[in-house]
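We did not get these values from a lab; they are worked out from the coordinates using the rules stated. Fair warning: this is a prediction, and the values are worked out from it, not measured in the lab. Cβ sites come from the backbone with ideal geometry, for glycine too, and all protein chains shown count toward neighbours.
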Amino acid sequence: MSTKPLRVLIIDDSPADQEIYRRLLLENPSYTYDFLEAESGEMGLSLCLSSQPDCVLLDYLLPDLNGLEFLDALGGEADPPRFPIIMLTGYGNEMIVAEAMRAGAADYLPKDLLSAENLERAVCNAVEKYQLRAAVENQRGMLEQTNTELVRKNEEIRSFYHMLSHELKTPLTAAREFVSILLDGLAGPLTDTQREYLGIAKESCDQMTMGLNDLLDVARLDTGKLRIDPRLFNIGVVVQRAVASLTPMAQEASIDLQHRLPLDLPERSFDARRIMQVLTNLITNALKFTPAGGQVIVEATDEPDGSILVSVRDTGRGIAPDQCAHIFERLYQARSHEEVFEGGLGLGLYICQEVIKLHRGEIWVESIPGQGSTFFFTLPPGIDHIPATPEESSEEVSA
């Protein structure tokens, strides 16, 4: 038996009936009880508001109100009471029962069938049901509050991404241009040491530019503003350009970077600029995680279903199987605890995945630790033209 007192309000104009209800509940109690009594509907309404009972036993016929009028005065269907009301009556009428339950009553018992067992069961069931409902509502309210807070924080983060990218774009571009002027010797001759240091500064500017562009792209993805502009193009041309742009990086790292393309690759509809971005990211990652003397090969083939399959294969360290499942998640970076942090924001592969999704294609990775990885993506045979937004093109950070 619970030791918590249960406050029961009995609303009945018959003192004898009030006594019967008390005795029946105390005959074999599941709770300890604290009883309140009212002999009219108005008095009962006042006690409901001032005492907040745990359960109400309500006589259907009262001197001033009937049970349905009482329920309506408490709020009715629009605002049901926060405690159970069990209606009691000497008249068995199915229509009254249905109306009472619809108006907010938790249960309905004929007086001539009352027993200690069914009254106690009705009270216990009604109280437990309302306590559970209150707990669920409380939990729902907490979840809604938490969700509102998360949405607010997410909006703040998006706004911060956007603000950070725009605020840093102009000074970063200016810094890189002045470094380039110095490296070109337009401001006077340089020593080898000065040239080396300025080269490091220029590379740092380029790395920051890539990070800012990634932040902008993520912000566009989150707000649905990143669009693709598909046009007929040959994927082989994009592969050649991507490989050519990254060949100096590969040569500096003593890695063999090459492409293998069939001569008869057909044109397909895709956003060449965005696919160039995907290829650049995949090749850069491959070079980053491939040791000197290794190889990175980019291939593209025309598949039987009309799609284009592009792959970037390296002979690097590979990716552990448990990490492959998370490799395209935002901010995820695959590395073991012993490995040195390689830099980057962990957004590149996530952006690649989203760009390929916008093309209605697929992207995945196959890897064997210690032997290398191969990233694949597909471009389907037909993509509708989706105009790029002015905001997308104007916000791009140029190196």
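Annotations for the structure displayed:
- Between residue 303 and residue 26, the contour length at 0.36 nm per residue exceeds the alpha carbon distance by 91.7 nm.
- Long-range amide H partners of residue 346 with built H, under 5 Å: none
- Candidates 41, 211, 236, ranked by Gaussian network fluctuation over the chain, Cα under 10 Å, top entry: 41
- Phi-based couplings in Hz for region 143-148 (Karplus 6.51, -1.76, 1.60; Gly and Pro marked x): 5, 5, 5, 5, 5, 4
- In straight-distance terms, cross-link reach from residue 202 covers every one of the lysines whose alpha-carbon lies under 30 Å from its own, apart from those fewer than eight places away in the same chain; here that gives 169, 288.
- Counted over region 10-125, the DSSP beta bridges are approximately 10% antiparallel.
- Counting only DSSP beta bridges with both residues in the chain, the antiparallel share comes to about 50 percent.
- What the phi angles of region 289-303 give under the Karplus curve with 6.51, -1.76 and 1.60, with θ = phi - 60°, is a coupling list of 10, 10, x, 4, x, x, 9, 10, 10, 10, 10, 9, 9, 8, 7 Hz, glycine and proline written as x.
- Charge dipole (debye, nearest 20) of the chain; +1 at Cβ of Lys and Arg, -1 at Cβ of Asp and Glu: 1640 debye
- Counting only aspartates and glutamates at least 8 places from residue 153 when in the same chain, those with an alpha carbon closer than 16 Å to its own are 144, 222.
- 3J(HN,Hα) along region 123-137, derived from phi through the Karplus expression 6.51 cos²θ - 1.76 cosθ + 1.60 where θ = phi - 60°, amounts to 5, 4, 4, 5, 5, 5, 4, 6, 5, 5, 4, 5, 5, 5, 5 Hz, with x in place of Gly and Pro.
- Reachable lysines, given that their alpha-carbon falls under 18 Å from the alpha-carbon of residue 4 and they are not under 8 places away in the same chain: 129
- Between the amide H of residue 294 and those of 256, distances stay under 5 Å, these residues lying 5 or more places away or on another chain, with hydrogens modeled in the peptide plane.
- Amide H contacts of residue 87: 58, 106, 107, 108, 109, each under 5 Å away and 5 or more positions distant or on a separate chain (H built 1.01 Å from N in the peptide plane; Pro and chain starts excluded).
- Sparse-neighbourhood loop sites, chymotrypsin sites (Phe, Trp or Tyr not before Pro) in region 16-98 - DSSP loop, at most 15 other Cβ within 10 angstrom: 91
- Residue 191-residue 260 FRET efficiency (beta carbon distance; Förster radius 51 Å; 0.05 resolution): 0.75
- The residue list 197, 361, 73 was ranked by how far each Cα lies along the charge dipole of the chain toward its positive end, using unit charges on Cβ atoms, and 197 comes out on top.
- Helix-only CD estimate at 222 nm, as mean residue ellipticity for the chain, using -39500 (n - 2.57) per DSSP H run (n ≥ 4): -16500 deg cm²/dmol
- Among 287, 154, 210 the positive-end extreme of the charge dipole of region 153-303 (Cβ point charges): 154
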